[in-house]
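Everything below concerns the one structure shown next.
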Amino acid sequence: MKIQLAPGTTLTSIEGKDVLFSVKTGDSYGLNETAARMVRLGIESGLEKAANQMAEEYSVEPSEIRADIDDLVKDLLQLKLVQTLSDQGA
């Protein structure tokens, strides 16, 4: 599964910090460096590949990273800042 930014949401770097910003609601959500990387990789490669890549980089089990990614995505889905896409046809 991949994620994409919800319509009207941007991922920007402001003063060295990554922020998701919704132009629809005016809400912003700050991301630390690791969370921002999770979001970017989830958009580019999908959540499974993101977990595998980050697990290799951090020398941990992919399931540990995947759990963190899933928690982050769940939060961002509830805030309507991202939406999920099926891998099929992506």
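What pairs come out if I take residues in segment 4-22 that are touching a residue at least 12 places away in the same chain (Cβ under 8 Å) and outside any loop (DSSP other than H, G, I, E, B) and pair them with residues that are surrounded by 13 or more Cβ atoms within 10 Å (Cβ to Cβ) and of a type in the set (Phe, Trp, Tyr) whose C-beta lies under 9 Å away, six or more apart or interchain?
Thr9/Phe21; Thr10/Phe21; Leu11/Phe21; Val19/Tyr29; Leu20/Tyr29; Phe21/Tyr29; Ser22/Tyr29
Does segment 46-87 hold any residues that are polar (S, T, N, Q) and within 11 Å of the chain's Cα centre (by Cα), and which are they?
Within segment 46-87, Gln83, Thr84 meet the criteria.
Out of all the residues in segment 44-53, is one or more of a type outside the set (Gly, Ala, Ser) and touching a Gly at 6+ places or on another chain (Cβ under 7 Å)?
Looking for residues that are of a type outside the set (Gly, Ala, Ser) and touching a Gly at 6+ places or on another chain (Cβ under 7 Å), one finds none in segment 44-53, hence no.
Looking only at residues in segment 1-31 that are more than 11 Å from the chain's Cα centre (by Cα) and polar (S, T, N, Q), which one is surrounded by the most Cβ atoms within 10 Å (Cβ to Cβ)?
This residue is Thr9.
Could you list all residues from segment 22-48 that are within 18 Å of Tyr58 (Cβ to Cβ) and touching a Pro at 6+ places or on another chain (Cβ under 9 Å)?
Answer for segment 22-48, where residues must be within 18 Å of Tyr58 (Cβ to Cβ) and touching a Pro at 6+ places or on another chain (Cβ under 9 Å): just Glu48.
I'd like the residue in segment 42-69 that is loosely packed, with under 14 Cβ neighbours inside 10 Å and among the charged types (D, E, K, R) and, out of all such residues, is nearest to Leu20 (Cα to Cα).
Among those that are loosely packed, with under 14 Cβ neighbours inside 10 Å and among the charged types (D, E, K, R), it is Glu44.
How many residues does segment 68-90 contain that are touching a helix residue (DSSP H, G or I) at 6+ places or on another chain (Cβ under 9 Å), assigned to a helix (DSSP H, G or I) and not acidic (Asp, Glu)?
The number of residues fulfilling the criteria is 4.
Which pairs do you get when a residue that is on the phi < 0 side of the Ramachandran plot and part of a loop (DSSP other than H, G, I, E, B), found in segment 23-50, comes within reach of a residue that is hydrophobic (A, V, I, L, M, F, W, C) and surrounded by 14 or more Cβ atoms within 10 Å (Cβ to Cβ), reach meaning Cβ atoms under 8 angstrom, with the pair 6+ apart or on two chains?
Short answer, once both residue conditions are applied: Asp27/Phe21; Asp27/Leu79; Asp27/Leu81.
No value in this document is a laboratory result; all are computed from the given coordinates. These numbers were taken from a predicted model, which means no experiment stands behind them. Glycine also receives a Cβ, built like all others from the backbone with ideal geometry; neighbour counts cover every protein chain displayed.
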